[in-house]
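What follows is a set of notes on a single structure, which appears directly below.
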Amino acid sequence: MTKLSLSKDKINILLLEGVHDNAIEELARGGYASVERLPRALDEAELLERIGSVHILGIRSRTHLTARVLEAATKLMAVGCFCIGTNQVDLKAARRLGIPVFNAPYSNTRSVAELVIGEIIMLMRGIFEKSALVHGGGWMKSAKDSYEIRGKTLGIIGYGHIGTQVSILAEAMGMQVRYYDVVRKLALGNARACDSLEELLSVSDVVTLHVPDTPQTRNMIGAAELAAMKPRSHLINAARGQVVDIEALAAAMKRDHIIGAAIDVFPKEPGADNEVFESALRGIKTAILTPHIGGSTVEAQANIGTEVAQKLIEYSDNGSTVGAVNFPQAALPIQAGCTRFLHVHENRPGMLRKVNEVFSGRDLNIAAQFLQTDPELGYVVVDVDGEVDELEVYNDLRAIEGTLKARFLFPSKR
Ligand SMILES: NC(=O)C1=CN([C@@H]2O[C@H](COP(=O)(O)OP(=O)(O)OC[C@H]3O[C@@H](n4cnc5c(N)ncnc54)[C@H](O)[C@@H]3O)[C@@H](O)[C@H]2O)C=CC1
Ligand SMILES: O=C(O)CCC(=O)C(=O)O
């Protein structure tokens, strides 16, 4: 079993928001048993209270890791987001503190795409409104505003992993697909790109959003964009809450310009299960409102549990950062008989020289060295042959000005 500068039983792992059993099992297989799992998110005050003793933290979309929380996380080695989106983490702060953040970029793609396809049909048949009436004893047997999806135009904003899956499924059901993306993307099947967002909005019977949360996508669908949509069309948002101006959408629905919407994500989502959800869309019968469950399927959660746990183990065991969203990427082979030193630092001139002096000053033989830098951060991994006083080396590495984190693995003597 891999030996770490901190033995595995002392590595405290905290998993929040009901991360799947697979993560626990994977971590146990990797020798990590000090794992606590909570079914819910923690707010900032609770995080500040607990984070000081945590080495590895696992979250989903409801836990907000602010700079304040990360700065208090003095022992934190890595964060695992058991989802696609990482906007709930202050990635810059994590990076500045030398903490890599991992996610699962594909494991719930299909679940979101299937939900969207289901919602297109539900919206275009007005099913939720009719069902609610029947539950109340009513009987609205009408074809008004009910359409087949065959032959209708679906506009996809953001033609990435989820957008392209939706595209394939929608075409298989006879829809015509148009898409808009800021990056030039290869069209799948018979889908066709639009030159502008305005063009897409003006031709689509249903518009679905699959963009990340960025400064450019904030409120990208506001009053003007809703007005540019076809009269009596539909909108789906299973991307991020800030992408749609909810008040403007509610107004467009009240005047029947938009006759159906399915919204899974909101600008303000309840942090705790007992918090009341507030939204201007509540009470609008033609709006399908779901509690951010686009990726919440048994299959997706199981796959995500395994995938993110593996990435965290790889980083803890050997320093590999493949899949980190805010860190230089390093895929590191194990060197038999070596002690491995990991050093994360601010990318200042002369840093590598100072790191190397720690080894050359002791006449140590460097068997392999790996350096990955970007304009702000440097990550150097040094494998040393033979006997080495790892604690001394570790202390000298930590003493280099600009050091963010240092660790050693597979020590030669303990
Ligand atoms: N509701 C839920 O439970 C879930 C929601 N999501 C959300 O879905 C989003 C999309 O996921 P993926 O398809 O995997 O991401 P992706 O990164 O594969 O695709 C995003 C696409 O959006 C495009 N894009 C970025 N900015 C744009 C802009 N301003 N205008 C037009 N296109 C733009 C990108 O070029 C890219 O092609 C995630 O970022 C996440 O926020 C993901 C999983 C589950
Ligand atoms: O399942 C979750 O907690 C979040 C899903 C999501 O929005 C994502 O994967 O980005």
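How high is the relative contact order of the chain, in percent, counting Cα pairs under 8 Å that sit 6 or more residues apart? Write out the running numbers ahead of the final one.
Details: 833 pairs, mean separation 65.1, N = 414.
Worked out over the chain, it gives 16 percent.
Grab the other residues whose beta carbon is less than 9 angstrom from that of F408, score K and R as +1, D and E as -1, and report the net.
Numbers: positive: R340, R407; negative: E390.
With Lys, Arg at +1 and Asp, Glu at -1, the net is +1.
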If you take every DSSP beta bridge whose two residues both sit in the chain, what share of them, in percent to the nearest 5, is antiparallel? 40
Under the helix-only model (-39500 (n - 2.57) for each DSSP H run of 4 or more, divided by the residues of the chain), the mean residue ellipticity at 222 nm, to 500 deg cm²/dmol, is -9000 deg cm²/dmol
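May I ask you to compute the full-extension gain from T290 to A45, defined as 0.36 nm times their residue separation minus their alpha-carbon distance, rounded to one decimal in nm? Spell out each step's value before the answer.
Numbers: separation 245, 0.36 × 245 = 88.20 nm, distance 2.75 nm.
Additional length available on full extension: 85.5 nm.
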Please work out the FRET efficiency for the pair T373 and R218, using the Cβ-Cβ distance as r and a Förster radius of 35 Å; give the result to the nearest 0.05. 0.65
So who's got an amide H within less than 5 Å of the one on N347, skipping anything under 5 residues away but keeping other chains? H placed 1.01 Å off N, in plane. L377, G378
Return, ordered by residue number, the residues of the range 364-401 whose backbone nitrogen is under 12 Å from a label point located 7 Å along Cα→Cβ of R348. 399-401
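For the peptides 37-46, 116-125, what is the packing order when you average, over each peptide's residues, the other Cβ atoms within 10 Å and list the highest mean first?
116-125, 37-46
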Please report the accessible area of M220 (heavy atoms, 1.4 Å probe, ligands and nucleic acids excluded) in Å², nearest 10. 30
By average C-beta atoms within 10 angstrom, highest first, the peptides 92-99, 77-84: 77-84, 92-99
Vicinal HN-Hα couplings computed from phi for the range 115-127 (Karplus, 6.51 cos²θ - 1.76 cosθ + 1.60; Hz; Gly/Pro x): 4, 4, 4, x, 5, 4, 5, 4, 5, 6, 10, x, 5
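Eigenvalues of the Cα gyration tensor times 5, then square-rooted: what semi-axes does that give for the range 108-289, in whole angstrom, largest first? Provide the component values of the computation, followed by the final result.
Numbers: eigenvalues 119, 82, 49 Å².
Over the Cα atoms of the range 108-289, the semi-axes work out to 24, 20, 16 Å.
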Given pairs K141/K254; K185/K405; K268/K311; K141/K285 and cut-off 28 Å on Cα-Cα distance, the over-length ones are K185/K405; K268/K311
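Taking K and R as +1 and D and E as -1, what net charge do the other residues with C-beta under 14 Å from the C-beta of T109 add up to? Don't skip to the end; give the middle numbers.
Numbers: positive: R110; negative: E114, E299, E307.
Value of the local net charge: -2.
The values are calculated or read from the model by the stated rules, or taken from the named source; none is laboratory data. Just so you know, these numbers come straight off a predicted model, no measurement behind them. All Cβ positions, glycine included, derive from the backbone under ideal geometry; neighbour counts span all protein chains shown. Side chains are part of the model used for accessible areas, which takes the heavy atoms of the whole protein and leaves out ligands, DNA and RNA. Shrake-Rupley method; radii C 1.70, N 1.55, O 1.52, S 1.80 Å.
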